[in-house]
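Structure, as structure tokens:
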């Protein structure tokens, strides 16, 4: 916390307070961290165990490592391999991330910089979308996309995102833009830029960390998304990983835990890798809205 | 015509609040004009109107004899150096300087040549590959200036360019800007709240207050013949001492003033006043002297505070029976003086200023040339 | 340039279109649907206007009442616990020591992955009859518990999944803690305030804006939890983890009762709206903003 130095030379044991304090903190953090991450270790370890070992040992390091789980899990119990589902996932997630970033940056620029008639009210609406439960919109959206003939396509999963419907992202970028000095953009105007050039040549490159954060969050959330694909997709060949996994546990759960654990591990591997590669951006992104605002 | 910038009755309101209340002004080709005034006087807004970052509510702006009142900033032939430098952090120094030319679509070879030339002028050549983050404050300032120069504008605009630098660097950059102006001879409009910058850099100073021009003139004109109390107080450091006195008689070349310590006769022409009028007598600190023992004095008082700066000394003297704040006297560094000392003060009466109840200058000092730049425009 | 209203409006046009098409219209449509007996497999034209009948039906629907109770329980337990835990860990982490960054990453990770089907599947295995926890209990000499088979413990498992994801709230708290100037604590030290007092008198008041943000986000998210209970317990046993979003989904897409499902979703909306409205209304009494916000920036 604030200060770790002790001020009393008379009490000898007080000298050791900072060390005790640190030890206590480390102790708590290690125990909690271990307990928290253990299910993840267990999942990864379980992918390389045989089923007997999963049920008989709580350790996470496989005693007799085997690739059976991974191989069978990859094949899945369906007519497609896991590769199909991964590719399907990316067919949804990548367009979604791209249109989210583009639309959020454009709309945020309008909100952050321009004197728009009724800006206050529009901004309030934007924030209201963050708080609005998605289930209220679920059924009419479904009926609407049914009318459009979009059922069993990926379009309902990302077309709305092309219209900056995720208020959280727009808000996040607005916060970043507002922290930029206006003079920089004015200098660009003096240098001959129109507003779109100011946005693309100056503002966007400078707030790149925020843009990366939005892309990462949308990536993670879309990887995790289950309800939307569940509603809109009906052919197995179009299933993303989330649906395939749910389908697999319904079929094989009772016996082949190692296959399921292997599939789960593969399913979160992209998110896991991305998280470790770019965790700084997550933290910056999530805190910008809460602390600056 | 030699006008480079011409403002005609320019007004600007924000949300119904008028911040520029009708400003007309001409800047001649090659001149360096400084806008100076207290914060909130509208000097930066006026600059932004010239730049095109804001548009006036009414009035006209001409640059190089073209009406640019509503033209895009980049189409006015102006370039601006911002207070925060406003460098593009994601670009190298070279790219920062080249940016405007690239936006114009100039061929690459031409851009490179111009950037190299500007970098040479500003001694930025070894820094061209760096990003702004890796530069010192003074270097950033030079890049900002380079970004302006490379466009070869008709008019340079400076918005408090030195206020983010520390004191010693500020002095250095001031000299550099003056040298650059002498070399390029470009028309410049320079905004500052620092009167030292204004006095040292300007060919012409425009004193602004509450959205209108108080006075326009060369630095020494403003100093010697302030048109009103505001300018008198604003220019000069420490501030001019203002004493409240009454007119006891006005002749062709003298004015007699009645002070709590008796009558003072001041040489001044053209004073139109009625006896008994309350007027303000303005005395600059360097025009007050401590009278030697036995020497005749104009005013009496006692020392309340002494500030020794080394090279010079400021003494605060409470004048007997005046009742207002003490006057400040500028003395040499070695001045032999102590607190509570009773002193007599000699006044350089020919350097005294006089203002009427409205704060406008009354008459002129003897031998002054007819009013050149002074007065409202 | 930035006072050009036309250009500015062009930039926010995508939002306006998206808002009208994908938010405002469905929002109103769902209320209209809630006043009908629309069925998923029929044409909408075949639906009849039934007034508030769907809302009246809830009064006699034991499943709905069970679901509502379970939902409130879930929110009231998870939100305070999660916030308290996130704050506690943030305070422990707010310390200049080696490796703190590592722990922050480790604790943040679950909130990134926790919403996924994969984690829910793992959770199901962890709490299964022969799963990880019961195996650990066996090692410690306890008997196994039928976690997912008993109403109380099934709820416990999905509560724990949410608490497991305390990292995002923690990161926000941590940023808030770091924003508190050190000299406030130094001044308090000189004034002789104990660490405990400093926490209550300095840390907590200055953290209230962050607490408010976290509270709102957690409430809104907790009321919408779907993946966890759907995959781990399927709402059971005996509807003991049948959260309202599950019921809304099943009414619409399993039983095809679009009207009733829409009415349920509106009930959920009104509940969330009341909670957030009360929170926003009450914030002037307990949220301490150090300085006024500059909402006009860039707006002239």
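A few notes on this one:
- Residue A:167, sole failed condition from (1) within 10 Å of another protein chain (Cβ to nearest Cβ); (2) more than 30 Å from residue C:33 (Cα to Cα): (2)
- Residue in region B:276-299 that is assigned to a loop (DSSP other than H, G, I, E, B), farther than 22 Å from residue B:339 by Cα and modelled with pLDDT under 90 present: yes
- Filtered by the rule that a residue be crowded, with 19+ Cβ neighbours inside 10 Å and in contact (Cβ under 8 Å) with a residue 60 or more places away in the chain, region B:154-174 gives B:155, B:156, B:157, B:158, B:159, B:160, B:161.
- Tally, over region B:127-161, of residues that are more than 21 Å from residue B:49 (Cα to Cα) and either out of contact with any strand residue (DSSP E or B) (no Cβ under 9 Å at 6 or more places or on another chain) or in a loop (DSSP other than H, G, I, E, B) (or both): 18
- Each residue in region B:311-334 was checked for being crowded, with 16+ Cβ neighbours inside 10 Å and either farther than 28 Å from residue B:225 by Cα or under 25 Å from the mean Cα position of the chain (by Cα) (or both), and 7 pass.
- Evaluation of residue C:268 against (1) part of a helix (DSSP H, G or I); (2) at the interface with chain A (Cβ under 8 Å from one of its Cβ atoms); (3) within 30 Å of residue C:91 (Cα to Cα) (one fails), failing number: (3)
- The listed residue being away from every other protein chain (no Cβ under 12 Å), farther than 30 Å from residue B:24 by Cβ and at pLDDT 90 or above, out of B:60, B:110: B:110
- Helices (runs of 4 or more DSSP H) contained entirely in region C:1-81, each with at least 2 residues that are within 13 Å of chain A (Cβ to nearest Cβ) and on the phi < 0 side of the Ramachandran plot: C:5-18, C:25-34
- Under the condition of being at pLDDT below 90 and part of a loop (DSSP other than H, G, I, E, B), the residues counted in region B:312-338 number 12.
- Unique residue being free of Cβ contacts under 8 Å to residues at least 40 places away in the same chain, over 21 Å from residue B:226 (Cα atoms) and either buried (at least 20 other Cβ atoms within 10 Å of the Cβ) or under 18 Å from the mean Cα position of the chain (by Cα) (or both) when the list is B:142, B:147, B:151, B:179: B:142
- Exclusive hit being over 30 Å from residue B:105 (Cβ atoms), assigned by TED's automatic domain parsing to the domain that holds residue A:92 and surrounded by 22 or more Cβ atoms within 10 Å (Cβ to Cβ), set A:143, A:138, A:132: A:138
- Within region C:184-198, the only residue that satisfies the criterion of being more than 8 Å from chain A (Cβ to nearest Cβ) and buried (at least 16 other Cβ atoms within 10 Å of the Cβ) is C:193.
- Taken over region C:199-238, residues that are within 8 Å of chain A (Cβ to nearest Cβ) and farther than 30 Å from residue C:184 by Cβ amount to 7.
- Meets criteria (within 25 Å of the chain's Cα centre (by Cα), buried (at least 17 other Cβ atoms within 10 Å of the Cβ), at pLDDT 90 or above and more than 11 Å from chain C (Cβ to nearest Cβ)) for residue A:92: yes
- Residue in region A:237-254 that is within 14 Å of chain B (Cβ to nearest Cβ), outside any helix (DSSP H, G or I) and crowded, with 21+ Cβ neighbours inside 10 Å present: no
- Checking the stated criteria, residue B:245 turns out to be over 23 Å from residue B:45 (Cβ atoms), in contact (Cβ under 8 Å) with a residue 24 or more places away in the chain, part of a strand (DSSP E or B) and in contact with a strand residue (DSSP E or B) (Cβ under 8 Å, 6 or more places away or on another chain).
- For residue A:264, the conditions (1) more than 10 Å from every other protein chain (Cβ to nearest Cβ); (2) more than 29 Å from residue C:207 (Cα to Cα); (3) buried (at least 21 other Cβ atoms within 10 Å of the Cβ); (4) modelled with pLDDT of 90 or more are fulfilled apart from (1).
- Meets criteria (closer than 30 Å to residue C:130 by Cα and surrounded by fewer than 19 Cβ atoms within 10 Å (Cβ to Cβ)) for residue C:153: yes
- Check on residue C:100, facing chain A (nearest Cβ under 8 Å) and in contact with a helix residue (DSSP H, G or I) (Cβ under 8 Å, 6 or more places away or on another chain): no
- Count - residues of region B:201-231 that are touching a helix residue (DSSP H, G or I) at 6+ places or on another chain (Cβ under 6 Å), farther than 20 Å from residue B:358 by Cα and either part of a strand (DSSP E or B) or at pLDDT below 90 (or both): 1
- Helices (runs of 4 or more DSSP H) wholly inside region C:135-214 that include at least 1 residues being at pLDDT 90 or above: C:151-164, C:167-178
The values are calculated or read from the model by the stated rules, or taken from the named source; none is laboratory data. None of the values given here were measured: they were computed from a predicted structure. All Cβ positions, glycine included, derive from the backbone under ideal geometry; neighbour counts span all protein chains shown.
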